[in-house]
Amino acid sequence: MDFEITAEQKRLRNHCLELAADFATRSAQHDREASHPVENYNQLRQAGFLHLTIPREFGGSGHSFLTHTIAYEALGGGCPSTALAFNMHASVVMPILESDEVTAEAKQRIADLVVRQGKMIGGNFSEPSHTGLVGIRPLKVTARPVDGGYRITGRKMFASMIEAADYVMVLVYPESATSPTAGMLALIPPDAEGRRVIANWDTLGMRATRSDSLVLQDCWVPETSVIYRSDDMTRFRREGLNWFWGSYTAVYLGLAGAAYDELRRVVANRTPDGFTQSLAWHPDVRRHIAELSVDLEAARLITYRSAWLRDQQGPSPEATAAMYRAKYMVGHATSRITRVALTLGGAHGIFKGSRLEQLFRDGALAEIQPPPSDFCLWNIGLHELDLDPAASLPPLRPV
């Protein structure tokens, strides 16, 4: 395998690092206020990130999943919330454009909105009882057919950047469906009748993603807003996993790298009273830094390889297992790096406004954000032992 990234990927990464440095100057304020980093989103819009990975046949830049991974690792090191939320756009647009279950007309409609009209599309699949991506439990937000469209009713959760996006793509259950794995994706604009947002995103970390709750009460959408419908979304969910959640792994990798870099800066510039050398010279500090460097590099290589494998093989079992490994490894590494960084940074680092304190809180979500670490290991184990998931016992007794 060639571990060298291309000149074009290097240029994009450098551009992302420049953007990230600017985003970092406002990150603490947006975190403190839990406010939408709209100015950051606007910069990413202007820089062409809305269509970064949209295929050239639709007028996009046509970059690969690996290139997306490299870019969002760099962006995640500036303002993690900005990178995580803005990535939501690609995480819902790209599965639509890559799926052979979606009509050519629907794909063109999405491409026109993004490429020609510059619209930013958020996604909202989760509900209070589940993420909506696993497909084990049926959706509770329903769509009732009416003349010219649908009436959608129910509550969704974790709607990142919902009040900053031009549309939100919502996963709902058609009332006429009979299969528990059925589903429908519909675009809902901010001014849709019956749509409202509950601003309840007051969380430990990733506060500026503003992943509030969306309430739809007999919300009317026209037939043209429906992008995809299926009586069984299992294959669509499985084949889009690299975008649905695999694309977030790179953001947490960038966060871990930012914490590591900040820790190195802190220990290199802090010299205790009565000593002539900085904390960097302390043998325990050096040992911790060395261990963290191994964790970070291992996480990066696993993540890059998983993205490369997905580009080469598509949604193969091997590529899917690689993405689960990457998510698990990055979650574990991020938790450890941010925790150790906060510890070695000392008491000065625990105050609000400290870069290490914020990255510690943001990093705490790495192992929790779907798929959580235990779920990653569950899937990796099935793959490595060549077991059929359908034949495995459920972890909890069903109703």
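The values are calculated or read from the model by the stated rules, or taken from the named source; none is laboratory data. Note that the structure is predicted; figures quoted are calculated from it, not measured. Quick reminder, even Gly has a Cβ in these numbers, built from the backbone with ideal geometry, and neighbours come from all protein chains shown. SASA here: full protein model, heavy atoms, side chains in, ligands and nucleic acids out. Shrake-Rupley method; radii C 1.70, N 1.55, O 1.52, S 1.80 Å.
Here is how the numbers come out for the structure above:
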item	result
Residue in the range 296-310 that is assigned to a helix (DSSP H, G or I), over 24 Å from Cys79 (Cβ atoms) and polar (S, T, N, Q) present	yes
Cross-chain or 6+ apart pairs with Cβ under 8 Å, the range 93-115 first and closer than 19 Å to Met233 by Cα, then part of a helix (DSSP H, G or I) and open to solvent by 70 Å² or more (accessible area, probe 1.4 Å)	Glu101/Arg235
Residue that is most open to solvent (accessible area, probe 1.4 Å) [pool: residues in the range 311-327 that are polar (S, T, N, Q) and not in a loop (DSSP other than H, G, I, E, B)]	Gln312
Filter result for the condition that a residue is touching a Pro at 6+ places or on another chain (Cβ under 9 Å), more than 22 Å from Ser126 (Cα to Cα) and touching a residue at least 60 places away in the same chain (Cβ under 8 Å), over Leu382, Leu359	Leu359
Residue count for the range 125-156, restricted to those that are surrounded by 20 or more Cβ atoms within 10 Å (Cβ to Cβ), at pLDDT 95 or above, within 23 Å of the chain's Cα centre (by Cα) and assigned to a strand (DSSP E or B)	1
Residue in the range 161-174 that is hydrophobic (A, V, I, L, M, F, W, C), open to solvent by 50 Å² or more (accessible area, probe 1.4 Å), over 24 Å from Cys79 (Cβ atoms) and touching a residue at least 40 places away in the same chain (Cβ under 8 Å) present	no
In the range 354-382, the residues that are open to solvent by less than 70 Å² (accessible area, probe 1.4 Å), assigned to a helix (DSSP H, G or I) and farther than 28 Å from Arg265 by Cα	Ser373, Phe375, Cys376, Asn379, Ile380, Gly381, Leu382
Condition met for Thr82 (at pLDDT 95 or above and farther than 30 Å from Arg32 by Cα)	no
Those helices (runs of 4 or more DSSP H) lying entirely in the range 182-288 with at least 1 residues surrounded by fewer than 16 Cβ atoms within 10 Å (Cβ to Cβ), touching a His at 6+ places or on another chain (Cβ under 7 Å) and in contact (Cβ under 8 Å) with a residue 24 or more places away in the chain	none
